[in-house]
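Comments concern the structure below.
The values are calculated or read from the model by the stated rules, or taken from the named source; none is laboratory data. From a predicted model like this one, the values you see are computed outputs, not experimental measurements. FYI the Cβ positions are ideal-geometry reconstructions off the backbone, even for glycines, and counts take in every protein chain you see. The accessibility values were calculated without ligands, DNA or RNA, using every heavy atom of the protein model including side chains. Shrake-Rupley method; radii C 1.70, N 1.55, O 1.52, S 1.80 Å.
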Number of protein chains: 2
Amino acid sequence: MSHTVGIRQAQKQKTRQAFLDAALGLLEEQSLSSLGLREVTRAVGVAPTAFYRHFRSTADLGVALVDEALGSLHPMVRTTVATPGAERITRAVRLIADHVAAHPAHVRFIARERHGGVQPVRQAIREQLARFAEEVKTELAKDPEAEGWSDEDLLMLAHLYVDQMLITASLFLETLESPEPSEAARQRVAHIATRQMRLISLGRQHWLD
Amino acid sequence: MSHTVGIRQAQKQKTRQAFLDAALGLLEEQSLSSLGLREVTRAVGVAPTAFYRHFRSTADLGVALVDEALGSLHPMVRTTVATPGAERITRAVRLIADHVAAHPAHVRFIARERHGGVQPVRQAIREQLARFAEEVKTELAKDPEAEGWSDEDLLMLAHLYVDQMLITASLFLETLESPEPSEAARQRVAHIATRQMRLISLGRQHWLD
DNA sequence: TCATCCAGTTAACAACTGTTCTCCGGAATT
DNA sequence: AATTCCGGAGAACAGTTGTTAACTGGATGA
C-alpha cells in the first residue's frame, strides 16, 4: 500500500471543489468580472486568504470552471454526432436538453463568459469550442455524405453545428429561468432546434450541386 | 419660433451622452455587472451624484446602451435582407463587417451582455433581437422561395439568420481584438460566414421536398 | 520521535463602493 | 424683475474590496 491518497491532498481538493461550487452558485446572477474573491471565500466559509492557496486570481478560478464545464463533455458529443441517419439530430437535441437540465449553472457560465470581460476565460472557452468543432468535423467526415467535401468546408459546417448547439443550450436555459418553467416551452425549443438542424443538414446534402 | 431646444435640456442630453460614451469605453474590458457608478462619473469628469440625474442605476444605463446600439440598425438590416438574389448574402456580410469596423464597442457590448449578468439588459437585447427576427421574417416572406412556407418555419429560419449574423459579428470583432489585426483574417471570416449562409439558403430551397 | 511542510487563520492596510442630504448658481417661467 | 426649477457639487455614511505579513496546528516523511 505505497500510495494512499493522503489526507492532506484529499482535503485540499475537497475545499478546492468547494470553491468551484460556491463560485458557480454566485455566478448565476453576475459575471465573473464582478465576482469578488472575498465573496467566494465567504460563501465557502473560509478565510479570504485561503483563496490564494488554490487560485492566483478569480480569472484563474474561471479557467478551472471552464475545464470542469466542458472537459468531460467531449466523448458524449462525439458519440452523439457519430450516430448515423436521421436519429443523429434527435439525439443531439435530447443530449443538449438533458445536459442543460442536469447542469444549468455550468451552461449558463459558459454562455455568459464566452463573450465576457475576462480574457483568459474567453480564450479557454474558445479553445474548448475549437476542440468540439474539430471532433465534430472528424465525425462528419466519416459518413458518406462527406464525399467530395474539402476539409475547410467540413470545418465550416462543424462550426455551424457547434454554434447551433450552444444557441439551443442557451434557449433551453432561458426555459428553466422563466418564472413558470413549463415542459411545453422546452418542447417548443426542441422542436425549433430540430428543424433548424434539419435545414442545415438539407443544405449539406445539396452543397455539391 | 415657439420651441427652441432649451439650453438646459441640450446640456442635459449632452452629459447624458457623455455618460453613455464613457461607459461604453469602460465596458471594453469588463462586464456591465462589474461597472461601478463612480467609475463612470470619474471617466466623465463629474461628481458621483450627478449620475442619478440621468439613470436610476447602472442597469438602467445598460438598457439605454442597448437602444443606442441596436435601435438605429433596423432599417439597415431590413433593406439588406430585402436585396434579391445571390447578392443578398454578400451584402449582409459586408454590412456586418462595416458595422463592426465602425462601432466595435457597441457590438462587443451586445455580444457580452446578451447572456450577461444583468437581467433587464438581457431582456432588452432579447426584445431587440426578436424584433430583428420578425423583420427578417417579413422580408423573407416577400420573395418567391417562401411560397408554401408556414409562418412558424419562416420565423425559425429568420432566427437562424439573425443568430448567424451575431456570430459573424462576434468573429469580426475578435479579428479586430487580435494583437495583429490583419485584413486577411477579416477576409477569412467573411469567406466562412458567406459559405455558412449559402448553405443555410440551400437548405431553405430544398425544405419543401 | 522529531523536524518539516503547508492549508488555513488572524490582523491590518489603503482604497474603493453606492447612497443620502444639503447646498449652489444659472436657466426657465411668470 | 422676481420666483421657481433643476443639473450638478460637496461632504459624509457605513461597508466593501484585494493583498501583505506573520501565525497555528495537524499531516507528512526521515
Buried on assembly, segment A:195-209 (at least 20 Å² less accessible surface than by itself, 1.4 Å probe): A:R195, A:Q196, A:L199, A:I200, A:L202, A:G203, A:H206, A:W207
Between A:R8 and A:R38, what length in nm is gained on full extension when 0.36 nm per residue of separation is reduced by their alpha carbon distance? 8.4 nm
Where q = 0.14, 0.17, 0.22 Å⁻¹, what log10 of I(q)/I(0) comes from the Debye formula for segment A:7-56, counting one point per Cα? -0.32, -0.47, -0.76
Note the distances from A:E145 to each other copy's matching label point, with points 7 Å along the Cα-to-beta-carbon direction, in nm, sorted shortest first. 1.8
Using alpha carbon centroids, what distance separates segment B:130-209 and segment B:49-92, in Å? 17
May I ask you to derive the relative contact order of segment A:7-56, considering only C-alpha pairs under 8 Å and at least 6 residues apart, and to give it as an integer percent? 31
Are there residues in segment A:101-123 whose accessible area shrinks by at least 20 Å² when all protein chains are included rather than the chain by itself, and which are they (probe 1.4 Å, ligands and nucleic acids not counted)? A:A111, A:R112, A:H115, A:G117, A:R122
Longest segment of chain B with no GluC sites (Glu not before Pro) in a DSSP loop having at most 14 other Cβ atoms within 10 Å? B:30-146
Accessible area of chain B with a 1.4 Å probe: how many percent of it is carbon plus sulfur? 54
³J(HN,Hα) computed for each position of segment B:48-65 - Karplus, 6.51 cos²θ - 1.76 cosθ + 1.60, integer Hz, glycine/proline x: x, 5, 5, 3, 5, 6, 10, 9, 6, 7, 5, 4, 4, 4, x, 4, 4, 5
Tell me the net charge near B:A23. Cut-off is 14 Å between Cβ atoms, B:A23 excluded, with +1 for each Lys or Arg and -1 for each Asp or Glu. -3
Per residue, how much accessible surface does chain B expose to a 1.4 Å probe? Answer in Å², no decimals. 52
In nm, the gap between the two label points placed 7 Å beyond Cα toward Cβ at B:Y52 and B:H206 is 6.4
Once you sort the root eigenvalues of the Cα gyration tensor of segment B:68-205 as a ≥ b ≥ c, which label holds: rounded (a/c under 1.5), prolate (a/b larger than b/c) or oblate (the other case)? oblate
Between A:T83 and A:E134, what length in nm is gained on full extension when 0.36 nm per residue of separation is reduced by their alpha carbon distance? 16.7 nm
Highest GNM mean-square fluctuation, chain B, Cα pairs closer than 10 Å: which of B:Q164, B:Q17, B:Q128? B:Q17
Which ³J(HN,Hα) values in Hz, rounded to whole numbers, follow from the phi angles of segment B:158-165 under the Karplus curve 6.51 cos²θ - 1.76 cosθ + 1.60, where θ = phi - 60° and Gly and Pro get x? 4, 4, 4, 5, 4, 4, 4, 4
Give me the residues in segment B:14-55 whose solvent-accessible area, probe 1.4 Å, is reduced by at least 50 Å² once all protein chains are included instead of the chain isolated. none
Rounded, prolate or oblate: pick one for segment B:1-105, where a ≥ b ≥ c are the square roots of the eigenvalues of its C-alpha gyration tensor, a/c under 1.5 means rounded, and failing that, prolate if a/b is larger than b/c, else oblate. oblate
For the pair B and A, the solvent-accessible area buried on both sides (1.4 Å probe; DNA, RNA and ligands excluded), in Å² to the nearest hundred, is 3200
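Roughly how compact is segment A:139-178, stated as its Cα Rg over 2.2 N^0.38 Å to two decimals?
It is 1.60.
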Along the Cα→Cβ direction, 7 angstrom out, place labels at B:R94 and A:S150. What is the inter-label distance in nm? 2.2
From the phi of every residue in segment A:25-34, what ³J(HN,Hα) in whole Hz does the Karplus formula 6.51 cos²θ - 1.76 cosθ + 1.60 yield, where θ is phi - 60° and glycine or proline is x? x, 5, 7, 6, 10, 7, 9, 4, 5, 10
Pull out a ≥ b ≥ c, the square roots of the eigenvalues of the alpha-carbon gyration tensor of the protein assembly as shown, then state rounded if a/c is under 1.5, prolate if not and a/b is larger than b/c, and oblate in the remaining case. oblate
Under a plain spin-label model, where a point goes 7 Å from the Cα along Cα-to-Cβ, how far apart in nm are B:A102 and A:D60? 4.5
